[in-house]
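A.B. asks: If you scroll down you'll find the structure; I have some questions about it.
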Number of protein chains: 2
Amino acid sequence: MKEQKLTTENYKGTRDFYPEDMRLRNYLFSVMKDVVRSYGYEEYDGPMVESLDLYRAKTGEEIVGKQIYNFIDKGDREVAIRPEMTPTVARMVAKKLRELPRPIRWFSIPNLWRYEQPGHGRLREHWQLNVDMFGVTSSRAELEILSLACDILFAFGAPKNSFKVTISHRSLLDEFLLDGLKVSPNQAHEVSKILDKKNKITQDEYVALVTKTIPNDSSAVSKIDLFLNATVNSLNQIPGIKEETLAAIKGLFEDIKTIGLSDIIHFDPSVVRGFDYYTGFIFEIFDTSPQNKRSLYGGGRYDNLIGLFSNEELTGIGFGLGDVTLQNFLTAHNLLPNFASDTTVFIPLLDDSSFAENHNFAKELRKEKISAEVSLVSQKMGKQLSYAEKKGYRWILLRGEDEIKTNTVTLKDMASRNQFTFSFSEALQKIKEELSK
Amino acid sequence: MKEQKLTTENYKGTRDFYPEDMRLRNYLFSVMKDVVRSYGYEEYDGPMVESLDLYRAKTGEEIVGKQIYNFIDKGDREVAIRPEMTPTVARMVAKKLRELPRPIRWFSIPNLWRYEQPGHGRLREHWQLNVDMFGVTSSRAELEILSLACDILFAFGAPKNSFKVTISHRSLLDEFLLDGLKVSPNQAHEVSKILDKKNKITQDEYVALVTKTIPNDSSAVSKIDLFLNATVNSLNQIPGIKEETLAAIKGLFEDIKTIGLSDIIHFDPSVVRGFDYYTGFIFEIFDTSPQNKRSLYGGGRYDNLIGLFSNEELTGIGFGLGDVTLQNFLTAHNLLPNFASDTTVFIPLLDDSSFAENHNFAKELRKEKISAEVSLVSQKMGKQLSYAEKKGYRWILLRGEDEIKTNTVTLKDMASRNQFTFSFSEALQKIKEELSK
């Protein structure tokens, strides 16, 4: 009878991270972490599973019910695997609101789950850098967050013209639609949804949707066009925009000039972020390469994030950057380095009696923070060399018959093929010198 | 009308990791990773959610149905949040069996989920270091894994007498029970389950359970006692033990002596690991402190792990070390260090006009890999000092009225309270010097 075997395929929309994939992931994470830490942000994390209630409100209708991994636990609680980190961070901040010194600068790289059709840049499980600042109303917070968001891409070696940041203010669109175009709140909501997907539909489809939503104003499309093309300086000619909104935008762009980011950060009234909880500035970072022209990441300000948990108000600003999106960007711009093996020295076993000695060599290397793999079973030299080659080790430390007689070791550099025979302590010295170069 | 607020409590049996908790977690993970990497192990990861089939077989009955987080996804697939990593690693290895150079040395620190009553050292979400080696039949693999398992605790500063390793061989108990004591396979299974929980029940309960399981042999308890107290040298007097099992145990203990771990690693036939998939050596690492006397972690050899996926056989050996258990051990032995803030320099804002200059200082510091937080809103000095104090910054870099006039900065060391006024480049130099000490 033949036993039925299980498939080795991973669950749809997820990834297996083999060591070479993991080296890439670790590289992405460590560069991101270094940048956000350099700005004084502290890492946090929350549980993978939260109460479903956390996602019911505020997240945008689409998620609950359709895209979320929710289920009933064995204690009859409605729970969900986190689809995003913002509700968790809001809960955690609300819980310790009195104790946490402000401003709160936090980051995390959680894995998030969404039930959706996997596609380019869209997976069911992905990781997302979340960076947030709480407790600063000044648009200097926007400035810092934008500067940090750009520095992440620079840290990966992205050239200045490879991406651009577009920024708008949430109130702008509402003020224009409600007070300028004078449509109803329902119509305004519809139009903002249309604008959010404008880049994904044709111009004809766009015009048809707008006309259907605002049937009684035949010049709606052209008025909206005028709004979408407004600059910081021409914004005062758009009907409906409040003085304070104008002042906020002008102030931010003066600051942007001061810190030298005018080339990268641009005002663009067409930016509409999908989530409903944004209340102030919203921004998106775009890949400028023609073949990958898409939003890399975005974020914005939300003034009432902890409102679900508390009657107090706390303003926040933040963004999220997904690992798949980032990796696609770096690949498209040829910015991913080659990853060498994690291990430095391989110690083959040529004669079984050398095992204890080899084990001691490895121990000495490890004491000096040099990683070393020892062969456990004696094999022919050729086989062990080819293994070391495949694994990409930098050196081989060898103790054959001759070396045993003279109490020496042979150190072979796998790249240059140079080799030296000397005492173990000399070999250790040599490795340390080369590594510190 | 008063709005109903959501609770800020996290889901039962999970933890919120605030920055201070996260620093501890990062410390635990980085020490573990450094040790396993120094042995040439490579990091991997798999998805958080797998097909439920993966856990149905081989995992021990208790998990499926009772302790597992399983549910039906929106595409009608039976899935589960991983309760352990072994099925995932087996699946991944089976998938690339032809390509992976052997031996395969892998590690991961996944978060795992089990539905159980939270208690001391038992949580619903925990992290577990998993270390595995595949493809080496020699007990040198056991030797390396045991040496590595000990080195992890040594790397945290554990003294030699703070823990001990006990090791047995899976066949030993089976051979003794089936061929020595001549009980049925069902009885043998029952007895091994009783022995697994022997430390958690009273001696009377233990005797009663054994007598109930083997009613027709009145000396069963004393015969089992003799077995449980056997040493490597007296093992040949126990009935039923096969020659090859004896030889394997003797061989391993000779190797253990050679590499100098005899003080720590002891033979103990009473070791029984709960999971059914172990087939060879099994081991446990115990905390020896009287107040925390419990198994810290354990592992063993499994010869047919990929059998679920493939007709080929691949031998493996590995162990898992949970973060909660590790943290309890380190706390009990007073081995946890104090964690300073991640950030090095705080730059207060005393006058709004200094913002751009402060921002540039921070930029220069960050270029040198020195983390710096800039204040975004000007405030009184006292308030900013007390914030810096709370956050635990090492230095404050100050540019007040006097410093602006003389184009200098004041660098204040928060620990010693020493301060110097000099140019920014001198301050940068000073910080770099101090940090390299």
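A.B. asks: Of everything in the range A:339-348 that's modelled with pLDDT under 95 and surrounded by 14 or more Cβ atoms within 10 Å (Cβ to Cβ), which residue is nearest to the chain's Cα centre (by Cα)?
C.D. replies: Only one residue fits best here, namely A:PHE339.
A.B. asks: Quick one: is B:GLU190 buried (at least 18 other Cβ atoms within 10 Å of the Cβ), without any contact (Cβ under 8 Å) to a residue 24 or more places away in the chain and among the charged types (D, E, K, R)?
C.D. replies: On the way: buried (at least 18 other Cβ atoms within 10 Å of the Cβ): yes; without any contact (Cβ under 8 Å) to a residue 24 or more places away in the chain: yes; among the charged types (D, E, K, R): yes.
So B:GLU190 fits the description; yes.
A.B. asks: Taking the range B:231-281 on its own, how many of its residues are among the polar types (S, T, N, Q), surrounded by 15 or more Cβ atoms within 10 Å (Cβ to Cβ) and in contact (Cβ under 8 Å) with a residue 12 or more places away in the chain?
C.D. replies: Qualifying residue count, the range B:231-281: 3.
A.B. asks: While we're looking at this one, here's another question. Quick one: would you say B:GLU84 is at pLDDT below 90 and part of a loop (DSSP other than H, G, I, E, B)?
C.D. replies: no
A.B. asks: Checking B:ALA356 against (1) under 18 Å from B:PHE424 (Cβ atoms); (2) touching a helix residue (DSSP H, G or I) at 6+ places or on another chain (Cβ under 6 Å); (3) of a type in the set (A, V, I, L, M); (4) surrounded by 20 or more Cβ atoms within 10 Å (Cβ to Cβ): exactly one of these is not met. Which one?
C.D. replies: (4)
A.B. asks: Same structure, new question: Tell me the residue from A:VAL136, A:VAL131, A:VAL165 that is surrounded by 13 or more Cβ atoms within 10 Å (Cβ to Cβ), in contact with a Cys (Cβ under 8 Å, 6 or more places away or on another chain) and outside any helix (DSSP H, G or I), please.
C.D. replies: The unique qualifying residue is A:VAL165.
A.B. asks: Do we have B:GLU313 as free of Cβ contacts under 8 Å to residues at least 40 places away in the same chain and in the same structural domain as B:GLN419 (by the TED database) here?
C.D. replies: no
A.B. asks: I need the full set of residues from the range A:104-128 which are outside any strand (DSSP E or B) and either among the acidic types (Asp, Glu) or touching an Asp or Glu at 6+ places or on another chain (Cβ under 9 Å) (or both), in order please.
C.D. replies: A:ILE109, A:PRO110, A:ARG114, A:TYR115, A:GLU116, A:LEU123, A:ARG124
A.B. asks: OK, next. Condition first: in contact (Cβ under 8 Å) with a residue 12 or more places away in the chain and either of a type in the set (D, E, K, R) or touching an Asp or Glu at 6+ places or on another chain (Cβ under 9 Å) (or both). Now tell me which residues in the range A:213-229 satisfy that.
C.D. replies: A:THR213, A:ILE214, A:ASP217, A:LYS223, A:LEU228
A.B. asks: What residue, of B:LEU335, B:LEU296, B:LEU321, is of a type outside the set (D, E, K, R) and at pLDDT below 95?
C.D. replies: B:LEU296
A.B. asks: Identify the single condition in (1) touching a Phe, Trp or Tyr at 6+ places or on another chain (Cβ under 8 Å); (2) in a helix (DSSP H, G or I); (3) not basic (Lys, Arg) that A:LEU209 does not satisfy, given that it satisfies every other one.
C.D. replies: Single failed check for A:LEU209: (1).
A.B. asks: I need a count of the residues in the range A:400-413 that are surrounded by fewer than 16 Cβ atoms within 10 Å (Cβ to Cβ) and within 20 Å of A:ALA340 (Cβ to Cβ).
C.D. replies: Residues in the range A:400-413 being surrounded by fewer than 16 Cβ atoms within 10 Å (Cβ to Cβ) and within 20 Å of A:ALA340 (Cβ to Cβ): 1 in total.
A.B. asks: Now for a different question. Can you go through B:LEU336, B:LEU314 and tell me which one is touching a helix residue (DSSP H, G or I) at 6+ places or on another chain (Cβ under 7 Å) and surrounded by fewer than 19 Cβ atoms within 10 Å (Cβ to Cβ)?
C.D. replies: On the way: B:LEU314 fails: surrounded by fewer than 19 Cβ atoms within 10 Å (Cβ to Cβ).
Exactly one of B:LEU336, B:LEU314 is touching a helix residue (DSSP H, G or I) at 6+ places or on another chain (Cβ under 7 Å) and surrounded by fewer than 19 Cβ atoms within 10 Å (Cβ to Cβ), namely B:LEU336.
A.B. asks: Quick test for you: out of A:ARG82, A:ARG91, pick the one residue that is within 22 Å of B:GLU9 (Cβ to Cβ), crowded, with 20+ Cβ neighbours inside 10 Å, among the basic types (Lys, Arg) and facing another protein chain (nearest Cβ under 8 Å).
C.D. replies: A:ARG91
A.B. asks: Let me ask something additional. Specify the residue that is surrounded by the most Cβ atoms within 10 Å (Cβ to Cβ); the eligible residues are those in the range B:3-14 that are in contact with a Pro (Cβ under 9 Å, 6 or more places away or on another chain) and more than 7 Å from chain A (Cβ to nearest Cβ).
C.D. replies: Looking at the filtered set, the residue picked out is B:GLY13.
A.B. asks: I would also like to ask the following. From the list A:GLY135, A:GLY157, A:GLY121, pick out the single residue that is in contact (Cβ under 8 Å) with a residue 24 or more places away in the chain and in contact with a Pro (Cβ under 7 Å, 6 or more places away or on another chain).
C.D. replies: Details: A:GLY157 fails: in contact with a Pro (Cβ under 7 Å, 6 or more places away or on another chain); A:GLY121 fails: in contact with a Pro (Cβ under 7 Å, 6 or more places away or on another chain).
It is A:GLY135.
A.B. asks: Take the residues in the range A:407-433 that are free of Cβ contacts under 8 Å to residues at least 12 places away in the same chain and in a helix (DSSP H, G or I), then tell me which one is nearest to the chain's Cα centre (by Cα).
C.D. replies: A:GLU433
A.B. asks: Here is a check on your reading of the model: is B:THR343 within 14 Å of another protein chain (Cβ to nearest Cβ), of a type outside the set (Phe, Trp, Tyr), touching a strand residue (DSSP E or B) at 6+ places or on another chain (Cβ under 7 Å) and more than 28 Å from B:LYS193 (Cβ to Cβ)?
C.D. replies: Considered against the rule, which asks whether it is within 14 Å of another protein chain (Cβ to nearest Cβ), of a type outside the set (Phe, Trp, Tyr), touching a strand residue (DSSP E or B) at 6+ places or on another chain (Cβ under 7 Å) and more than 28 Å from B:LYS193 (Cβ to Cβ), B:THR343 comes out as yes.
A.B. asks: Starting from residues that are facing chain B (nearest Cβ under 10 Å) and buried (at least 21 other Cβ atoms within 10 Å of the Cβ), keep the ones in the range A:377-396 and report whichever is farthest from the chain's Cα centre (by Cα).
C.D. replies: My answer is A:ALA388.
A quick yes/no check of all residues on (1) closer than 17 Å to A:PHE267 by Cβ; (2) at pLDDT below 95; (3) small (Gly, Ala, Ser):
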residue	(1), (2), (3)
A:ALA188	no, yes, yes
A:SER192	no, yes, yes
A:THR202	no, yes, no
A:ASP217	no, yes, no
A:ASN233	yes, yes, no
A:ASN236	yes, yes, no
A:GLU244	yes, yes, no
A:ALA248	yes, yes, yes
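A.B. asks: Looking at A:SER416, A:SER425 in this structure, which one is at pLDDT 95 or above, exposed (fewer than 13 other Cβ atoms within 10 Å of the Cβ) and not aromatic (Phe, Trp, Tyr)? It would help to see each step written out before you state the result.
C.D. replies: Numbers: A:SER416 fails: at pLDDT 95 or above.
Being at pLDDT 95 or above, exposed (fewer than 13 other Cβ atoms within 10 Å of the Cβ) and not aromatic (Phe, Trp, Tyr) holds for just one of A:SER416, A:SER425, which is A:SER425.
A.B. asks: Shifting gears a bit: Could you list, in sequence order, all residues of the range B:265-281 that are modelled with pLDDT of 95 or more and aliphatic (A, V, I, L, M)?
C.D. replies: Scanning the range B:265-281 gives a single hit, B:ILE265.
A.B. asks: Hey, among the residues in the range A:15-44 that are closer than 19 Å to A:LEU129 by Cα, of a type in the set (D, E, K, R) and in a helix (DSSP H, G or I), which one's farthest from the other protein chains (Cβ to nearest Cβ)?
C.D. replies: In this case the residue turns out to be A:LYS33.
A.B. asks: I'd like the full set of residues that are within 38 Å of the chain's Cα centre (by Cα), touching a residue at least 24 places away in the same chain (Cβ under 8 Å) and in a helix (DSSP H, G or I), limited to the range A:353-368.
C.D. replies: Across the range A:353-368, the qualifying residue is only A:LEU365.
The values are calculated or read from the model by the stated rules, or taken from the named source; none is laboratory data. Source: prediction; values computed, not measured. Ideal geometry is used to build each Cβ from the backbone, glycine not excepted, and the neighbour counts take in all protein chains shown.
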